[in-house]
Structure formats: C-alpha cells, structure tokens
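Presented below is the structure to which this report refers.
The values are calculated or read from the model by the stated rules, or taken from the named source; none is laboratory data. Computed from a predicted structure; not experimentally measured. All Cβ positions, glycine included, derive from the backbone under ideal geometry; neighbour counts span all protein chains shown.
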Amino acid sequence: MNTYEWAPLRVVPRVDRGECVNVGVLLYCRHAVVLTMRLAFDVDRLRALAPEADLDEVALAVHAWPRVVAGEGPAGVLSPGERFRWLTAPRSTVVQAGPVHTGLTADPEAEVDRLLSRLV
C-alpha cells in the first residue's frame, strides 16, 4: 500500500459567494511517482448554479489542468510533486483545487477513478 494525496477540482463561478461544483479529482502518489487526474465537467450542474457564467471560458480553464498534470508547457520543468503542490495551492480563481486529503492505495489509477465516481 502507498500513501497518496488528492484534492477535488472545482469550479467556483463567484469566488465571493464560495459556491462550487466539483468537476474532477487530482491525485498524487509520491512512492509510485504518479500524478494523475480525472474530469467530469457537467455543464448542466454549473449552469444551474451560475446561469451567467461563460461556460466556454470555464471549460477552457478546466481542460488546461490535465495539460499541467502531464507536464506540458512551463510546468514541464517541475517534478510531479511540485506540480501537485502548485496546482493545489490556495487561489481565488474560478477553477481551483479544494482541500488536500490523504489515503492509502495499492492502485493510484483505480483510486482516482473511485474518487471521481464518489465526489463528482
């Protein structure tokens, strides 16, 4: 079993209100050297919470996260752990990671799928 860290990826259409919709899960397992994520961006849920939100812009921002996880662009110089820390750092943006949690798993890829189905 390996320890892992995970955080929900959420859309916060109005940061001043603090309401959010979970749209994915980010998972980092240092021992297995795994940084991965899964997305399930439900436009209807977001529209119900924030009908005024620019859904195209939000979708672009959400779909940029997997590229950072993969190490594309400037993030490519960072280790998986550094990318996880950068992605989960607190920020006041429309797309942000929620709090970081920990767990134990033998299979990080199966765990991120389990978390996605449970939380999103």
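For region 7-15, state whether one or more residues are modelled with pLDDT under 95 and among the charged types (D, E, K, R). Within region 7-15, one or more residues are modelled with pLDDT under 95 and among the charged types (D, E, K, R).
Would you confirm whether any residue within region 55-70 is more than 14 Å from VAL95 (Cβ to Cβ) and either at pLDDT below 95 or aliphatic (A, V, I, L, M) (or both)? Yes, some residue in region 55-70 is more than 14 Å from VAL95 (Cβ to Cβ) and either at pLDDT below 95 or aliphatic (A, V, I, L, M) (or both).
For beta carbons closer than 7 Å, sequence separation of 6+ or different chains, a first residue in region 94-115 that is of a type in the set (Lys, Arg) and a second that is part of a loop (DSSP other than H, G, I, E, B), there are no qualifying pairs. State the number of residues belonging to region 74-93 that are within 17 Å of ARG10 (Cβ to Cβ) and modelled with pLDDT under 95. The number of residues fulfilling the criteria is 4. Summed over region 33-51, the residues that are out of contact with any Asp or Glu (no Cβ under 8 Å at 6 or more places or on another chain), touching a residue at least 24 places away in the same chain (Cβ under 8 Å), over 15 Å from ARG114 (Cα atoms) and surrounded by fewer than 17 Cβ atoms within 10 Å (Cβ to Cβ) give a count of 3.
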